[in-house]
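A.B. asks: Encoded as structure tokens, here's the structure I'll be asking about.
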Ligand code: RNT
Ligand code: ZN
């Protein structure tokens with residue numbers, strides 16, 4: 001008997017069908033963020049990041065231009081298992097001759113056509129999109145959609161509108177609706193003198209931006225945050241603001257796992273949103289003491305998030321995207337580790353006896369729940385993971401690919 005057959009048998013004895021788990025895992029898309037490859041810089045002119053977010057580390061080999069980023073994405077995708085989407089930020093526009101002539105308020109789909117080509121080439125099943133409200137001279141005093149300056153506010157509304165149009169075209173081109181995530185860094189370092197007005201301006205800006213978006217091909221989402229670096233005292237788009245906004249407008253909330261107080265967990269929030277919304281989106285990240293955007297690894301919270309996604313069979317209602325940027329290690333390895341960790345967590349969750357566990361909860365038998373949960377941890381699910389990979393012509397031995405990449409690519413990027 002081969003190892004997988006043995007593992008399959010062990011799970012079968014516990015009433016768990018590993019074949020069903022593999023099939024479900026294969027159907028769950030993970031949206032892969034393009035910005036891990038170049039430390040969130042993009043192609044449209046900036047050479048440094050701002051907006052309360054930061055990459056740290058100076059590992060060699062970061063993609064310095066579009067050609068390098070595309071090459072790295074294609075390579076990374078070749079060692080990422082499962083169904084994937086590609087998540088693009090507006091600052092990754094191919095401006096060509098328009099460079100210096102047009103600004104973010106006038107970006108068009110044609111500036112993003114190479115992304116469609118790339119997505120098709122690497123087998124991504126869809127493209128998600130993000131307006132870029134940071135690292136740009138039109139941010140006034142660090143503010144965008146909440147700015148008291150009308151010209152600034154209008155500029156960023158126009159940027160958002162342009163992005164919603166571009167996303168509709170991505171949706172059509174890929175025959176898969178595009179998630180458009182709206183995150184703005186707007187906030188204050190010190191105690192504000194007025195907390196309400198900026199929020200009312202943000203609300204008005206979003207209303208204007210979302211007028212007439214394409215409901216067939218675009219899924220708008222709003223992402224809250226607790227604070228950003230240099231903006232510690234006040235965030236205009238906090239959790240309460242966006243949850244109320246999303247409810248009222250019938251759009252999606254996006255929960256970033258790093259955007260809450262350190263003891264708050266996103267795994268506990270997903271079901272609360274599913275009780276009121278058709279869909280909820282995630283930015284899966286790994287906060288270490290704060291919103292540090294470490295690479296996603298298979299930790300307890302990731303497993304708990306995965307359980308929330310699959311145990312009530314809501315995987316078609318939870319949109320999974322990754323969001324981290326570590327510049328201290330090989331960026332390709334960072335990408336691949338995050339995607340594989342997410343899928344490992346999902347597989348782990350798919351191999352739990354959820355029906356039994358839920359019944360035990362209703363019977364108030366938390367002793368047996370604990371017993372089964374602890375038992376699950378040492379079941380041979382690694383054999384199921386290997387089988388999942390081998391059916392896609394992959395294995396868990398991918399470090400050699402990273403070494404080759406170091407030798408062939410990174411060594412030449414000095
Ligand atoms: C920042 C947010 C946001 C960004 C990306 C680049 O705190 O998490 O999602 O990381 O849009
Ligand atoms: Zn995020």
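The values are calculated or read from the model by the stated rules, or taken from the named source; none is laboratory data. Here the structure is a predicted model, which is why all the values come from computation and not from measurement. A quick note on method: Cβ atoms are made from the backbone with ideal geometry, for glycine too, and the neighbour counts reach across all protein chains shown.
The rows are residues; the columns are (1) within 21 Å of the chain's Cα centre (by Cα); (2) within 16 Å of ligand 2 (Cβ to nearest atom); (3) surrounded by 14 or more Cβ atoms within 10 Å (Cβ to Cβ).
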{"site": "181", "(1), (2), (3)": "yes, yes, yes"}
{"site": "207", "(1), (2), (3)": "no, no, no"}
{"site": "217", "(1), (2), (3)": "yes, no, yes"}
{"site": "229", "(1), (2), (3)": "yes, yes, yes"}
{"site": "239", "(1), (2), (3)": "yes, yes, yes"}
{"site": "246", "(1), (2), (3)": "yes, yes, yes"}
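A.B. asks: So which residues in segment 160-184 are away from ligand 1 (no atom under 14 Å from the Cβ), in contact (Cβ under 8 Å) with a residue 60 or more places away in the chain and assigned to a loop (DSSP other than H, G, I, E, B), if there are any at all?
C.D. replies: Passing the criteria: only 176.
A.B. asks: Has segment 254-265 got any residue that is within 15 Å of ligand 1 (Cβ to nearest atom), buried (at least 21 other Cβ atoms within 10 Å of the Cβ), without any contact (Cβ under 8 Å) to a residue 40 or more places away in the chain and assigned to a strand (DSSP E or B)?
C.D. replies: Yes, that holds for at least one residue.
A.B. asks: Same structure, new question: Among the listed residues 79, 28, 86, identify the single one that is at pLDDT 95 or above, surrounded by 16 or more Cβ atoms within 10 Å (Cβ to Cβ) and within 16 Å of ligand 1 (Cβ to nearest atom).
C.D. replies: Details: 79 fails: within 16 Å of ligand 1 (Cβ to nearest atom); 28 fails: within 16 Å of ligand 1 (Cβ to nearest atom).
86 is the lone residue from the list that is at pLDDT 95 or above, surrounded by 16 or more Cβ atoms within 10 Å (Cβ to Cβ) and within 16 Å of ligand 1 (Cβ to nearest atom).
A.B. asks: Given the conditions (1) surrounded by fewer than 22 Cβ atoms within 10 Å (Cβ to Cβ); (2) more than 29 Å from residue 165 (Cα to Cα); (3) more than 16 Å from ligand 2 (Cβ to nearest atom); (4) in contact (Cβ under 8 Å) with a residue 12 or more places away in the chain, which single one is not true for residue 275?
C.D. replies: Here residue 275 meets the rest and fails (4).
A.B. asks: I'm told residue 283 meets every condition in (1) more than 16 Å from ligand 1 (Cβ to nearest atom); (2) under 27 Å from residue 166 (Cβ atoms) except one. Can you identify the failing condition by its number?
C.D. replies: With respect to (1) more than 16 Å from ligand 1 (Cβ to nearest atom); (2) under 27 Å from residue 166 (Cβ atoms), residue 283 is out only on (1).
A.B. asks: Return only the number of the condition from (1) touching a residue at least 12 places away in the same chain (Cβ under 8 Å); (2) more than 16 Å from ligand 1 (Cβ to nearest atom); (3) over 28 Å from residue 198 (Cβ atoms) that residue 313 does not satisfy.
C.D. replies: Condition not satisfied by residue 313: (1).
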